[in-house]
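Trainee: Below is one structure. I have some questions about it.
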Amino acid sequence: AQVWTVKNYDVDSFSNGEKIKQINSKEDWFKAGYRGEPAWCYYNFDEQYANLGKLYNYFAICDARNLAPDGWRIPKFEDYFQLINYIEPLCTKEYFSRSGSLAGGSLKSKNGLWKDDDCPQIESNFSAIAAGGYSPSIDYPEYDWDPIGEKAMFWCFTEWEKMTEYIDAEHLKRFQQDLISGKFNDKAIVFRLRNYDCKIDVDDDPKINGYYLRLIKEN
């Protein structure tokens with residue numbers, strides 16, 4: 001059985017004690033991202049949102065120094081899919097990659113800041129709160145911060161070459177071509193919950209974005 005953390009992760013150092021850089025401006029966040037440096041920030045760069053957890057760029061997630069303490073690890077795509085499939089057993093890998101899963105409603109906290117949410121599903125105790133996210137843009141700065149109450153975004157440790165088993169035959173060749181061309185080199189997979197439906201789905205987002213993290217217990 002899987003055991004997950006029930007709050008957004010909230011550490012500022014790796015398991016060896018080395019600090020992860022805290023960022024307090026968009027300019028410095030971009031600089032860290034372009035250099036491939038691990039970084040974290042509070043929502044809106046404001047400590048009043050510390051209760052939501054820390055937003056990490058993907059370089060913090062994949063760093064060899066490891067964010068997770070002993071006995072825990074950063075979840076992979078397969079871990080999330082097993083969780084989703086446990087809630088919705090009829091959800092296949094290919095179906096999920098195309099359409100997502102209605103298991104999302106069961107992953108949401110029933111009092112977790114969600115707006116317009118009336119998902120009837122059971123409480124799974126994953127307790128995702130609608131804590132927003134950070135996807136900074138040069139051209140559209142007004143959309144930098146995903147609003148609190150609308151989304152929850154979670155990084156997973158991304159192994160693109162292992163994703164072929166989740167791609168249906170119709171799209172597999174194109175996916176393999178994109179993989180070879182390097183299309184995904186600066187991207188990683190994020191699991192996404194939104195306020196306007198009861199689904200959980202995935203997207204490939206830039207590694208420089210800031211999203212939340214959950215951990216899964218080692219077997």
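The values are calculated or read from the model by the stated rules, or taken from the named source; none is laboratory data. Model, not experiment: these values are computed from the prediction. When we count neighbours, we look across all protein chains shown, and the Cβ atoms used for this are built from the backbone with ideal geometry, even at glycine. The accessibility values were calculated without ligands, DNA or RNA, using every heavy atom of the protein model including side chains. Shrake-Rupley method; radii C 1.70, N 1.55, O 1.52, S 1.80 Å.
Trainee: Nearest 500 deg cm²/dmol is fine: what mean residue ellipticity at 222 nm does the chain get from its DSSP H runs of n ≥ 4 alone, each adding -39,500 (n - 2.57), divided by its residue count?
Mentor: On the way: 6 runs with 49 residues, N = 219.
It comes out at -6000 deg cm²/dmol, rounded to the nearest 500.
Trainee: What percentages, rounded to whole numbers, describe P(r) for segment 149-219 computed over all alpha carbon pairs with 10 Å bin width beginning at zero?
Mentor: For segment 149-219, the binned pair fractions read 17, 43, 32, 8 percent.
Trainee: Probe of 1.4 angstrom, ligands and nucleic acids ignored: what's the accessible area per residue over the chain, in square angstrom?
Mentor: With the other protein chains kept in place, the chain gives 51 Å² per residue.
Trainee: Packing-wise, with mean Cβ within 10 Å as the measure, how do 77-85, 132-140 rank, highest first?
Mentor: Details: 77-85: 19.1, 132-140: 15.8.
Sorting 77-85, 132-140 by mean packing, highest first, produces 77-85, 132-140.
Trainee: If each residue of separation counts as 0.36 nm, what is the full-extension length gain between Ser137 and Asp197 once their alpha-carbon separation is subtracted?
Mentor: Details: separation 60, 0.36 × 60 = 21.60 nm, distance 2.55 nm.
Residue separation times 0.36 nm, minus the Cα-Cα distance, leaves 19.1 nm.
Trainee: Could you tell me what percent of the accessible area of the chain is made up of carbon and sulfur, with a 1.4 Å probe and every protein chain present?
Mentor: 49
Trainee: Running Debye on segment 95-153 with equal point scatterers at the Cα sites and no solvent, what base-10 log of I(q)/I(0) appears at q = 0.16, 0.21, 0.23, 0.25 Å⁻¹?
Mentor: Here log10 of I(q) over I(0) equals -0.59, -0.85, -0.92, -0.98.
Trainee: Quick one: 3J(HN,Hα) in Hz for segment 155-170, Karplus 6.51/-1.76/1.60 with θ = phi - 60°, rounded, Gly and Pro as x.
Mentor: 5, 10, 5, 9, 10, 4, 5, 8, 7, 4, 6, 9, 9, 6, 4, 5
Trainee: Is the C-alpha gyration tensor of the chain telling us rounded, prolate or oblate? Criteria: a/c under 1.5 is rounded; beyond that, a/b larger than b/c is prolate, otherwise oblate.
Mentor: Rounded is the answer for the chain, as its axis ratio a/c remains below 1.5.
Trainee: Compute all pairwise cysteine Cβ distances in the chain, then list the cysteines with no distance under 4.7 Å to another cysteine.
Mentor: Cys41, Cys62, Cys91, Cys156, each lacking another Cys Cβ under 4.7 Å.
Trainee: If you don't mind, another one. To one decimal place, what orientation-averaged projected area in nm² is obtained for the convex hull of the Cα set of segment 30-134?
Mentor: Working: hull surface 35.6 nm².
That works out to 8.9 nm², a quarter of the Cα hull's surface.
Trainee: Now, a different point. 5 Å is the cut-off here: which amide hydrogens, built 1.01 Å from N in the peptide plane, fall below it relative to Asp146, excluding neighbours closer than 5 in sequence?
Mentor: Amide H to amide H, under 5 Å and 5 or more residues apart or across chains, Asp146 pairs with Gly133, Tyr134, Ser135.
Trainee: Let me know the number of lysine pairs in segment 1-82 closer than 14 Å at the Cα, not counting same-chain pairs under 8 apart. Please list the in-between numbers first.
Mentor: Working: Lys7/Lys54; Lys19/Lys54; Lys21/Lys31; Lys21/Lys54.
Eligible lysine pairs with Cα atoms under 14 Å apart amount to 4.
Trainee: Grab the eigenvalues of the alpha-carbon gyration tensor for segment 1-57, scale each by 5, take roots, and send me the semi-axes largest first in whole angstrom.
Mentor: Three semi-axes, in Å: 22, 15, 10.
Trainee: Which whole-Hz ³J(HN,Hα) couplings does segment 133-143 yield from phi under the Karplus relation 6.51 cos²θ - 1.76 cosθ + 1.60, θ = phi - 60°, glycine and proline marked x?
Mentor: Couplings: x, 10, 10, x, 10, 6, 8, 10, x, 5, 10 Hz.
Trainee: Let's see if you can work this out: charge +1 on each Lys and Arg Cβ, -1 on each Asp and Glu Cβ, no other charges. What is the dipole magnitude of the chain about its Cα centre, in debye to the nearest 20?
Mentor: Here the size comes out at about 320 debye.
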